[in-house]
Amino acid sequence: PFSGTLTGSIPEVQSAATTLKANGEIHAEVFGGRVRVSKMENENPFSSLAAIRLDAALANIELEQLSKTFAFGRISGILEGTVADLIITDGQPAQFGADLHSVDRGVEQRISVEALNKITVLSSGQSAGRLYSGLAGLFDSFRYSKLGFKAILRNDRLVLRGVETRGDQEYLVVGSLLPPTVNIVSHTQTIGFSELLRRLERIQADSPKVQ
């Protein structure tokens, strides 16, 4: 279930050829933060090939609420970023550029073993459950200093970059200076978006291996 407040103002809608353009913004207060949606366009609105294009900006999103809602394990901290040139066709993203990352606002930044394993499945296609199950015997969560990713989707080809680059490694999670801490490196920098969706389905289907 979702909870929050949705408001907006669309004072004008323009029609040009086969595209409807809305001048205005929609604001949503969700997960303790705000989402601003702008530059909304609807291409071929009365066709079976209709596509929606928009930009979105996220601010002060509470990761604990977000991860709990989507049963992704427990992640605490604050998330911000942008999603630009998002095109949705047939209910699925066909194009976007995203930059989503944690910001240090003085709140606790921790990630659970379950969330670590699910991020590993998304980034590599392989479960790290055995490794993290062993760690779970010592700790149930780890501190991090940075968390996030940059991604570009074009024609079912997703290029995934980490929140930090070291040499040829892309870090999706960067550990903190204080223990217990952990890093996650992305092992898949280019992937078919359809394959990423299959990995998401796998995560949703699998029951948690560790608590």
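Compute the distance in nm between two label points, each set 7 Å from the Cα along the Cα-to-Cβ direction, one at Leu177 and one at Glu108.
So the label points at Leu177 and Glu108 sit 2.2 nm apart.
In what sequence, largest accessible area first, do His187, His101 appear using a 1.4 Å probe?
Most to least solvent-accessible, the answer reads His187, His101.
Figure the gain on full extension for Thr89 and Val185 (residue separation times 0.36 nm, minus the Cα-Cα span) and round it to one decimal in nm.
My answer for the length gained is 31.5 nm.
Note the angle between two axes, namely the Cα long axis of helix 193-205 and the longest principal axis of the Cα atoms of the chain, as a number of degrees from 0 to 90, rounded to the nearest 10.
Tilt of helix 193-205: around 60 degrees.
So how far, in whole Å, is the C-alpha centre of the stretch 82-109 from the one of the stretch 34-68?
The two parts, judged by their Cα centres, are 9 Å apart.
Got the relative contact order for the chain handy, in percent, Cα pairs under 8 Å and 6 or more residues apart?
Relative contact order comes out at 13 percent.
Could you grab the relative contact order for the stretch 1-106? Cα pairs under 8 Å, six or more apart, rounded to a whole percent.
Taking the mean separation of contacting Cα pairs over the length of the stretch 1-106, I get 18 percent.
I'd like the accessible area for Asp140, computed on protein heavy atoms only with a 1.4 Å probe and all protein chains in place. Round to 10 Å², please.
100 Å²
What number, rounded to the nearest 500 deg cm²/dmol, is the helix-based mean residue ellipticity at 222 nm of the chain, given -39500 (n - 2.57) per DSSP H run of at least four residues and division by all its residues?
-5500 deg cm²/dmol
How many percent of Cα pairs in the chain exceed 26 Å?
Result: 40 percent of Cα pairs exceed 26 Å.
To the nearest 20 debye, what is the magnitude of the charge dipole of the chain about its Cα centre, counting +1 on the Cβ of each Lys and Arg and -1 on the Cβ of each Asp and Glu?
Magnitude of the dipole: close to 480 debye.
Run down the lysines and flag those whose C-alpha is under 21 Å from the C-alpha of Lys68, throwing out any fewer than 8 positions away in its chain.
The reachable lysines, counting only those whose Cα sits under 21 Å from Lys68, are Lys118, Lys146, Lys209.
Taking the alpha-carbon distance from Lys39 and a cut-off under 22 Å, which lysines remain once sequence neighbours fewer than 8 residues away in the same chain are dropped?
Of all the lysines, those that pass the test against Lys39 - Cα under 22 Å, at least 8 places apart if same chain - are Lys21, Lys150.
Compute the FRET efficiency between Phe46 and Lys68 as 1/(1 + (r/R0)^6), taking r as their Cβ-Cβ distance and R0 = 45 Å, and round to the nearest 0.05.
0.70
For the pair Thr5 and Asp140, what calculated FRET efficiency results from E = 1/(1 + (r/R0)^6), where r is the Cβ-Cβ distance and R0 = 35 Å, to the nearest 0.05?
0.55
The values are calculated or read from the model by the stated rules, or taken from the named source; none is laboratory data. Remember, predicted model here, so these are calculated numbers, not experimental data. Neighbour counts are summed over all protein chains in view; Cβ atoms, including those assigned to glycine, are modelled from backbone coordinates with ideal geometry. Just the protein is used for accessible areas: all its heavy atoms, side chains included, with ligands, DNA and RNA removed. Shrake-Rupley method; radii C 1.70, N 1.55, O 1.52, S 1.80 Å.
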